[in-house]
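The values are calculated or read from the model by the stated rules, or taken from the named source; none is laboratory data. This is a predicted model, so every value here is computed, not measured. Here Cβ is always computed from backbone atoms with ideal geometry, including for glycine, and neighbour counts include all displayed protein chains. Heads up: the accessible areas ignore ligands, DNA and RNA and are worked out on the full protein's heavy atoms, side chains in. Shrake-Rupley method; radii C 1.70, N 1.55, O 1.52, S 1.80 Å.
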Amino acid sequence: MLYIGNHLSSSKGFLNMGREALKLGANTFAFFTRNPRGGAARDIDPEDAKALVAFMEEHKFGKLVAHAPYTMNVCAAKENIRSFSVEMLIDDLERMEYIPGNYYNFHPGSHVGQGADVAIPMIAEAINIALKPEHHTTLLLETMAGKGSEVGRSFEEIKAIIDLVELKDKVGVCFDTCHTWDAGYNNVNDFDGVLKEFDKVIGLDRLKAVHFNDSMNVLASHKDRHQKIGEGELGLEAMKYIVTHPLLQDKPFILETPNDDEGYAKEIALIKSWSM
Ligand code: FE
Ligand code: FE
Ligand code: ZN
């Protein structure tokens, strides 16, 4: 089964995102849990959340992939940024309980000069504080492009974080096709090899969701600029190979490509045509 969708604005509420996704031809979607560049969160209407859960069931949606705000950095050097970030993580996971059983994806963080070896235990500690045995959400660490001092630029760094997490059954990975390419994983010429490497280092059972993006830049550029599907350095053939890969079936694929609604509807239709 193919689950495909894009990022939607959460400003109109849960049920409306479901309706919007359906209109675009999607059967999953992503949304920011709060202002992506600030951190302010809207109040949750429990009835609206319930309505979305019912709507998703009715229309056979796959799991949603919520996204943490970009301002969250649980391994910041400054204590106040770190504690503010952990507070957001705690609050977001509580809020995710209104739509149980979905994914919450976040960027591991930027070590801002401290080094990944200092940052990795901080990230794991934040997860250990925020994640509770009674939660129904799986936390996903996103594979990063390695721009600046980003942590999660290699499968090894992601694995090192997971190793320090207590509730390991509640943690997975979101594989971003643009980021991994920018980080140096050859998703074009050797995608099977990349998956094999992922399996060897992290374990494929941890790969829960895909951010499905083409890249404006070449392999190992460490840039992180997304491109429309087929219009970047990965190209149509590779994108088709990835989304139809037997090892990735039933995972939610989330588009984070530079598009308007019409563009997303077109991309979704194109991708669906590949997997028929
Ligand atoms: Fe992201
Ligand atoms: Fe992404
Ligand atoms: Zn990105």
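For the reader, a short list of remarks on this structure follows.
- Among the residues making up segment 238-276, those that are free of Cβ contacts under 8 Å to residues at least 12 places away in the same chain and acidic (Asp, Glu) are Asp260, Glu262.
- Only one of Ile242, Ile229 that is over 16 Å from Cys174 (Cβ atoms), in contact with a helix residue (DSSP H, G or I) (Cβ under 9 Å, 6 or more places away or on another chain) and buried (at least 16 other Cβ atoms within 10 Å of the Cβ): Ile229
- Among the residues making up segment 156-197, those that are within 16 Å of ligand 2 (Cβ to nearest atom) and aromatic (Phe, Trp, Tyr) are Phe175, Trp181, Tyr185.
- The set of residues in segment 130-153 that are open to solvent by 10 Å² or more (accessible area, probe 1.4 Å), part of a loop (DSSP other than H, G, I, E, B) and within 16 Å of ligand 3 (Cβ to nearest atom) comprises Lys147, Gly148, Ser149, Arg153.
- Qualifying residue in segment 128-143 (condition: under 19 Å from Met239 (Cα atoms), within 16 Å of ligand 2 (Cβ to nearest atom) and within 16 Å of the chain's Cα centre (by Cα)): yes
- Segment 154-185, subset β-branched (Val, Ile, Thr) and closer than 22 Å to Leu219 by Cα, residue surrounded by the fewest Cβ atoms within 10 Å (Cβ to Cβ): Thr180
- Looking across segment 164-207 at every residue that is of a type in the set (D, E, K, R) and under 20 Å from His226 (Cβ atoms), the one that is nearest to ligand 3 (Cβ to nearest atom) is identified as Asp176.
- Leading residue by the ranking (farthest from ligand 3 (Cβ to nearest atom)) among those in segment 31-78 that are in contact (Cβ under 8 Å) with a residue 60 or more places away in the chain and β-branched (Val, Ile, Thr): Thr33
- Identity of the residue in segment 79-90, touching a residue at least 12 places away in the same chain (Cβ under 8 Å) and of a type outside the set (D, E, K, R), that ends up nearest to Gly148 (Cα to Cα): Ser85
- Taking first residues from segment 125-150 that are over 22 Å from Pro252 (Cβ atoms) and in contact (Cβ under 8 Å) with a residue 12 or more places away in the chain and partners that are among the hydrophobic types (A, V, I, L, M, F, W, C) and in a loop (DSSP other than H, G, I, E, B), the Cβ contacts under 7 Å between residues at least 6 apart in sequence or on separate chains come to Ala126/Val74; Asn128/Val165; Pro133/Leu167; Ser149/Val112; Glu150/Met144.
- Only one of Lys12, Lys60, Lys50 that is within 30 Å of Ser275 (Cα to Cα) and surrounded by fewer than 18 Cβ atoms within 10 Å (Cβ to Cβ): Lys60
- Checking Met88 against (1) open to solvent by less than 20 Å² (accessible area, probe 1.4 Å); (2) in contact with a strand residue (DSSP E or B) (Cβ under 7 Å, 6 or more places away or on another chain), the condition it does not meet: (2)
- Which listed residue is out of contact with any Lys or Arg (no Cβ under 6 Å at 6 or more places or on another chain) and either within 16 Å of ligand 3 (Cβ to nearest atom) or closer than 21 Å to Arg34 by Cα (or both), from Ile127, Ile161, Ile120: Ile127
- The residues listed here are Gly25, Gly18, Gly13, Gly101; of these, the one that is in contact with an Asp or Glu (Cβ under 6 Å, 6 or more places away or on another chain) and either away from ligand 3 (no atom under 16 Å from the Cβ) or on the phi > 0 side of the Ramachandran plot (or both) is Gly13.
- Members of segment 200-220 found to be free of Cβ contacts under 8 Å to residues at least 40 places away in the same chain, closer than 17 Å to Met144 by Cα and surrounded by fewer than 21 Cβ atoms within 10 Å (Cβ to Cβ), listed by number: Met216, Asn217, Val218, Leu219, Ala220
- Residues of segment 86-100 satisfying the condition of being farther than 15 Å from Val171 by Cβ and not charged (D, E, K, R): Val86, Met88, Ile90, Tyr98, Ile99, Pro100
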